[in-house]
Amino acid sequence: MEKSQSSSRSTMKATSMDRLIKIRRDFIKDRLNNMQVEEHNFEIVQEVKGVTYINHSASTDVDSTWLALEKVDKNIIWIVGGVDRGNDYSMLKDLVKDKVVHIVCLGNYITKIFKAFSQFEEKLIVNASSADEAVHHAATLAKAGDTVLFSPTCASYDLFENVEARGNEFKRAVNDLLNNTLHLRYPSSN
């Protein structure tokens, strides 16, 4: 009898967790539909050689990155990283599996990100120590039709003063890529 009650409680807990996850995802989708495009918040910066570059530097948590990943169709090169404040990346794994083709980890605190997504062996994960380097790697990995999504999921203060400075550095690097000046800092990529 005790075993039956324990099994029943476990089933109820699992059902409750599934319901909570569905409610959370529905809430996030509602936020996605109402998300305003502003500077550093899902801002389309440029299209370079058929690749769209999106600045979502305002993303400092898993929920906002989930929104951004959900909003982009497929073939994403995701730039992620910064100071992790206890993020649980498990919520992003299905989207990363389905939509992300490569990951560029930006910053000094990337071990947790590598661990969270290293199970996807087919996705190249590279490290970058600046916005320039991150955009360089993304541009090297991207093909026409891809989207480079700068959605860090983390706080900015390992390499940048704030999310605005982080977003501005990303936009400057993308514009340098467009103007063919980024290659001057990475001449071996020509």
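Readers should treat all values here as calculations from the given coordinates under stated rules, not as data from a laboratory. Small disclaimer: the values here were computed from a predicted structure and weren't measured. As a convention, Cβ positions derive from the backbone with ideal geometry for all residues, glycine included, and neighbour counts pool all protein chains shown.
Just a few scattered comments:
- Label-point gap, in nm, between Met91 and Ser118 - each point 7 angstrom along Cα→Cβ: 2.5 nm
- Extension gain, Arg185 to Glu164: 0.36 nm times the residue separation minus the Cα-Cα distance gives 5.3 nm.
- DSSP-defined antiparallel bridges as percent of all bridges, the stretch 43-189, nearest 5: 25 percent
- Under 11 Å, Cβ to Cβ, from Glu39 - net charge with Lys/Arg +1 and Asp/Glu -1: -2
- The ranking of Arg166, Arg185 from fewest to most other beta carbons within 10 Å of each one's beta carbon is Arg185, Arg166.
- Cα gyration tensor category, rounded, prolate or oblate, for the stretch 90-190 with a/c compared to 1.5: oblate
- Near the amide H of Val48, within less than 5 Å, lie the amide hydrogens of Tyr53, all on another chain or at least 5 residues away, with H placed in the peptide plane.
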